[in-house]
1. Got a number for residues in region 89-147 being more than 30 Å from Lys3 (Cβ to Cβ), β-branched (Val, Ile, Thr) and at pLDDT 90 or above?
2. Specify which of the listed residues (Arg44, Arg82) is out of contact with any Lys or Arg (no Cβ under 8 Å at 6 or more places or on another chain), charged (D, E, K, R) and more than 25 Å from Lys18 (Cβ to Cβ).
3. Name the single residue that is surrounded by the most Cβ atoms within 10 Å (Cβ to Cβ) among those in region 4-21 being in contact with a Lys or Arg (Cβ under 8 Å, 6 or more places away or on another chain) and either modelled with pLDDT of 70 or more or farther than 16 Å from Asn88 by Cα (or both).
4. Counting only residues that are more than 24 Å from Ile58 (Cβ to Cβ) and under 16 Å from the mean Cα position of the chain (by Cα), how many does region 69-121 have?
5. When you look at Arg60, is it basic (Lys, Arg) and in contact with a strand residue (DSSP E or B) (Cβ under 9 Å, 6 or more places away or on another chain), yes or no?
6. Of the conditions (1) in contact with a helix residue (DSSP H, G or I) (Cβ under 7 Å, 6 or more places away or on another chain); (2) hydroxyl-bearing (Ser, Thr, Tyr); (3) farther than 29 Å from Ser13 by Cα, Ser33 fails just one. Which one is it?
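The values are calculated or read from the model by the stated rules, or taken from the named source; none is laboratory data. As the structure is a computational prediction, the values presented were derived from the model and not from experiment. Note that we place each Cβ from the backbone using ideal geometry, even for glycine, and neighbour counts take in every protein chain shown.
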Amino acid sequence: MKKEEALLKDHISKHNLKVTKERSAILRAFLDSERHITAEELYRNMREDGSSIGLATIYRTLNLFCESGLAEQRQFGDGQARYELTYNVKHHDHLICEECHRIIEFENQEIEALQEKVAQKNGFKIFSHKLELYGICASCSAKKTAS
């Protein structure tokens, strides 16, 4: 957690902002949370732990995390902005269940190699990418089959 705190403090000082106890508490809660959390979910988690930090402060701080390179805001088709830790996290892609909205992370070197091959064939240089596959998870599929 020290590297994340240092990165955030560096970003904050470069932009003449303050390191506050609220921002530090939100960072700790964010790092302890699920991989793909909404601001509202983080707010509820923190409230359950006795925090009085407001939802607007959480939104502003999550955006600060994105600006500093700690996190990324993601949209997975359910109309909710989710935040994912990206600092010191290995590249991965996502499977998103359209029934229960479960998000499954996966890594596949064959897919990565194929993307590079397609890019090279088209004279394209990839800087980054996001692969999101939408469908139905095994659990939801089994429930549909059973009913």
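1. 2
2. Testing whether each residue is out of contact with any Lys or Arg (no Cβ under 8 Å at 6 or more places or on another chain), charged (D, E, K, R) and more than 25 Å from Lys18 (Cβ to Cβ) leaves just Arg44.
3. Taking the candidates together, the pick is Ile12.
4. Here is the first cut: in region 69-121, the ones more than 24 Å from Ile58 (Cβ to Cβ) are 90-93, 95, 97-100, 104, 106-121.
Filter again for under 16 Å from the mean Cα position of the chain (by Cα), leaving 90-93, 95, 104, 106-107.
Matching residues across region 69-121 total 8.
5. Spelling it out, it is not the case that Arg60 is basic (Lys, Arg) and in contact with a strand residue (DSSP E or B) (Cβ under 9 Å, 6 or more places away or on another chain).
6. (3)
Each row is one residue, and each column tells you yes or no for (1) among the hydroxyl-bearing types (Ser, Thr, Tyr); (2) in contact with a Gly (Cβ under 9 Å, 6 or more places away or on another chain).
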{"position": "Tyr43", "(1), (2)": "yes, yes"}
{"position": "Thr61", "(1), (2)": "yes, no"}
{"position": "Arg102", "(1), (2)": "no, no"}
{"position": "Phe106", "(1), (2)": "no, no"}
{"position": "Ile111", "(1), (2)": "no, no"}
